[in-house]
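Novice: Quick one: the structure is below, and I'll ask about it shortly.
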Amino acid sequence: MSTQAPAISQPPDKLADTTPRVHQLIRSRWSPRAFSSRQISDEDLKTVLEAARWAASSYNEQPWRFIVAKKSDPEAFNRVLGVLVPANQAWAKNASVLIIMAAKKTFSHNGSNNYYALHDAGAALANLFLQATALGFHGHGMAGFDRQRAQLELNIPEDFEPAAAVALGYAGKPEDLELENHRKMEAAKRQRKPLSELAFSGTWGQPLVT
Ligand SMILES: Cc1cc2nc3c(=O)[nH]c(=O)nc-3n(C[C@H](O)[C@H](O)[C@H](O)COP(=O)(O)O)c2cc1C
């Protein structure tokens, strides 16, 4: 069996409209809601988690933890699906894998509050998403889940904060989405604020680029 990563191929209308030198991997990542019935292999699942593992973190704390539920384990899958808000359940039920990511709130070396826990967990998730893109499938982050229920029903210890839910899967057909607004969003052009609004030169408010 080949262990080579497949070429990145995404629908051209979903490619980010960046300046030309931005890496193709970054341009190609996007968050679909329509997933096909193709399942992610255990090897690929392990690879995206491995990519997450190698993110940078404050004090190398690695505060991220992942509760992973595969479609092939319906009990676990439905447990995670059940904590998502209904609007996310409507499409995420077709994902191959659902994940709840939690972040450790304190530093292990001295027990103090880790202000950067969620920041660093987000960096791990960014790695996971890009690795998924490189392997030809997609990750879709979700804030829309019940954090209290996730904490209780997934046995997340008190020192960990449920941070985000994630759906993983291969892109499917937009027309198969149940909700009209999801079908519309699937077809919409991807948008970003201009860099002039985001990056300042030396002090707040002076655009670095025009
Ligand atoms: C932390 C986080 C939470 C999100 N929450 C949701 C969500 O609850 N439901 C949803 O449909 N999309 C959710 N999204 C997806 C965003 O809407 C999406 O990333 C954004 O519109 C940009 O689109 P793109 O990822 O295709 O570039 C979330 C993304 C992130 C990173």
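Novice: Can you tell me which of (1) in contact with a helix residue (DSSP H, G or I) (Cβ under 8 Å, 6 or more places away or on another chain); (2) surrounded by 19 or more Cβ atoms within 10 Å (Cβ to Cβ); (3) in a helix (DSSP H, G or I) is the one ARG79 doesn't meet?
Specialist: It is condition (2) that ARG79 fails.
Novice: Checking LYS105 against (1) closer than 19 Å to ASP159 by Cβ; (2) within 14 Å of the ligand (Cβ to nearest atom); (3) surrounded by fewer than 23 Cβ atoms within 10 Å (Cβ to Cβ), which single condition isn't satisfied?
Specialist: Going through (1) closer than 19 Å to ASP159 by Cβ; (2) within 14 Å of the ligand (Cβ to nearest atom); (3) surrounded by fewer than 23 Cβ atoms within 10 Å (Cβ to Cβ) one by one, LYS105 breaks only (2).
Novice: Something else now. Kindly indicate the residue of the range 130-160 that is of a type in the set (Phe, Trp, Tyr) and under 17 Å from ALA103 (Cα atoms) and also farthest from the ligand (Cβ to nearest atom) among those meeting that condition. Before you say what the answer is, go through the steps one by one.
Specialist: So in the range 130-160, the residues of a type in the set (Phe, Trp, Tyr) come out as 137, 145, 160.
Subsequent filtering for residues that are under 17 Å from ALA103 (Cα atoms) retains 145, 160.
Values: PHE145: 7, PHE160: 17 Å.
Here the residue is PHE160.
Novice: Run ASN155 past the list (1) surrounded by 10 or more Cβ atoms within 10 Å (Cβ to Cβ); (2) assigned to a loop (DSSP other than H, G, I, E, B); (3) free of Cβ contacts under 8 Å to residues at least 12 places away in the same chain and report the number of the one that doesn't hold.
Specialist: (1)
Novice: Another one. Could you list, in sequence order, all residues of the range 183-199 that are of a type in the set (Asp, Glu) and either in a loop (DSSP other than H, G, I, E, B) or surrounded by 12 or more Cβ atoms within 10 Å (Cβ to Cβ) (or both)?
Specialist: Keep residues of the range 183-199 that are of a type in the set (Asp, Glu), which gives 186, 197.
Correct list: GLU186 only.
Novice: Looking at the range 158-182 only, could you name the residues that are open to solvent by less than 80 Å² (accessible area, probe 1.4 Å) and part of a helix (DSSP H, G or I)? Show your work before the answer.
Specialist: Looking only at the range 158-182, we keep the residues that are open to solvent by less than 80 Å² (accessible area, probe 1.4 Å), and these are 159-172, 174, 177, 179, 182.
Scanning the range 158-182 gives PRO174, HIS182.
The values are calculated or read from the model by the stated rules, or taken from the named source; none is laboratory data. This one's a predicted model, so the numbers in the text were calculated from it and none came from an experiment. Don't worry about glycine lacking a Cβ; one is built from the backbone with ideal geometry, like all the others, and counts go over all protein chains shown. With ligands, DNA and RNA removed, areas are computed over all heavy atoms of the protein, side chains included. Shrake-Rupley method; radii C 1.70, N 1.55, O 1.52, S 1.80 Å.
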